[in-house]
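Here's the structure, in structure tokens; my notes come after.
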Amino acid sequence: MPDNDMTHHRIAQGGAAQGDTAHGGTPESDTPHSGATQGGAARGGTAAIDVGARLRHVRVRRGLTLTALAELTGISKSTLSRLENGQRRPGLDLLVPIARVHRMPLDQLVGAPATGDPRIAFAPRESNGRTVVPLTPHPGSLQAWKVVVPAEQSEPAVRVHEGHEWLYVLSGSLRLVLGDHDIVMRGGETAEFDTRVPHWFGSTGERPVEILSILGRQGERMRVRARPRAKQQG
């Protein structure tokens, strides 16, 4: 996922090649060709309904209206309503702020079933000067990475590719160049964008920055939740 010129394998129509970090992006892994079966689509729809019902249950139990939750999360009331009705895919960009408001772990919020030992024994590796830790054990439509970008990697080199990326800043300050935007993100801030838009991310030059990156195949409408980069004096 580190995106300073990680060897970027070309992405086939249905997937991304493993080992890439999108221009300031994320390492991509082979994803299955598109073309889910009707049964798969039905299971996905059922899962969305189940998660939506769980979200509504938690909200009501906490005594929050949709309007109040919208104000606290920054997510529109209509989006929250569609999410609870199973009409909207429960992506991390929506679940993370909701979990934060409810002060609940994500797995508890969505009612994830208990599993065996969840630990993934992946050793960090170096890629174009960045430390990269894969967090998903198998190729799939979504790939998660933890990335440490050194302070000296602060010069943008924008790139484009198929996909959709979600970033979360763990520590430090992340500089995100996305189209005409030049943004500084601090710890706890997230950004989500279509990777077909020219983009790059790295350090602001002050110190290393640690991030989580999730890269998917589908490009969607860009939503950036971060403070604008301060204009330099002089």
What are the pairs, 6+ residues apart or on separate chains, where a residue within the stretch 47-73 that is in a helix (DSSP H, G or I) has its Cβ under 7 Å from a residue that is open to solvent by 50 Å² or more (accessible area, probe 1.4 Å)?
-> ALA48/ARG89; GLY52/ASN85; LEU66/LYS77; THR67/LYS77; ALA70/SER76; ALA70/LYS77
State yes or no: is VAL224 part of a strand (DSSP E or B), modelled with pLDDT under 85 and open to solvent by less than 60 Å² (accessible area, probe 1.4 Å)?
-> yes
Are any residues in the stretch 165-193 outside any loop (DSSP other than H, G, I, E, B) and open to solvent by 30 Å² or more (accessible area, probe 1.4 Å), and if so, which ones?
-> TYR168, LEU170, SER171, ARG175, HIS181, ASP182
Somewhere in the stretch 82-96, is a residue open to solvent by 60 Å² or more (accessible area, probe 1.4 Å), more than 21 Å from SER141 (Cα to Cα) and either modelled with pLDDT of 95 or more or not in a helix (DSSP H, G or I) (or both)?
-> yes
With respect to the numbered conditions (1) closer than 17 Å to LEU92 by Cα; (2) open to solvent by 50 Å² or more (accessible area, probe 1.4 Å); (3) modelled with pLDDT under 85, which one is the sole condition not fulfilled by ALA123?
-> (1)
In the stretch 154-163, residue farthest from GLU126 (Cα to Cα) [restricted to those that are in contact with a strand residue (DSSP E or B) (Cβ under 9 Å, 6 or more places away or on another chain) and open to solvent by 20 Å² or more (accessible area, probe 1.4 Å)] | VAL160
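The values are calculated or read from the model by the stated rules, or taken from the named source; none is laboratory data. Bear in mind the structure is a predicted one, so any value in this text is a computation, not a measurement. Note that we place each Cβ from the backbone using ideal geometry, even for glycine, and neighbour counts take in every protein chain shown. With ligands, DNA and RNA removed, areas are computed over all heavy atoms of the protein, side chains included. Shrake-Rupley method; radii C 1.70, N 1.55, O 1.52, S 1.80 Å.
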